[in-house]
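Read the structure below first, then the notes.
Derivation of every value follows stated rules applied to the coordinates shown; laboratory data play no part. It should be emphasised that the depicted structure is a prediction, and the values quoted were computed from it without experimental measurement. With ideal geometry, Cβ positions are generated from the backbone for all residues, glycine too; neighbour counts draw on all protein chains shown.
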């Protein structure tokens, strides 16, 4: 072996010796306690036979960190509980309409008639502890062709103003349910309107036999299909008026009576009891 060759061999053996020494030292360090691995590794390249050295390449390991999502800070609003529905309050009972009955009238039942010309409005009113209240009506009918008067006279075509008792009824038809009594008429029934007769303002039957000079025939339809006597001039004062009835309406003013359409008239007649009165104004 030449001197140059021996020198080269010695140089090549030197790294191996260094590595062995490092390995031995590393073993002692490992027994002393755990160590942290380096983050980079170095690779040694062998020199060429000519003695050239290759620069070590450094390799870097990149660690990717995944961030946890940030928890939402939005506060969820609690859904409010529905409020319980209040129980519906009972509707107040409607108050009965009152009747303006004239002062001084105390009857339990009043048929109240208010007029305008020959037109009339009729209400059936009942007395209570708080005054009179309407039970039937208003109904629309008629009074005398010349209206209402406080000084009624025979033949003046006026209805007498004031408050009067309601008496029994009569008609070409059977009793519809009037409590005060009823008589059914025929061709012989009349109401005397002769002021000079002792039978003035009364119900009579034919023959006349000289007892009166004039009288109203009660078999008069449809007006007297159903009729009730209004107790006016019961003293039978001559000339003060006679034959004042509550009867079926015929579409216009009367000779002095009070009239309503049949259905309304029958409702009032059936409502009445003994002691009922009619107040006309």
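DSSP beta bridges fully contained in region 144-281 are about 65 percent antiparallel. Between residue 108 and residue 273, the simple spin-label model (points 7 angstrom out along Cα→Cβ) gives 0.3 nm.
Summary of packing: across the peptides 265-275, 251-261, 97-107, the per-residue average of other C-beta atoms within 10 Å ranks them, highest first, as 251-261, 265-275, 97-107.
Extension gain, residue 146 to residue 81, is 16.1 nm, computed as 0.36 nm per intervening residue step minus the present C-alpha separation. Kirkwood hydrodynamic radius computed over region 124-281 comes to 16.0 Å, based on all pairs of distinct alpha carbons.
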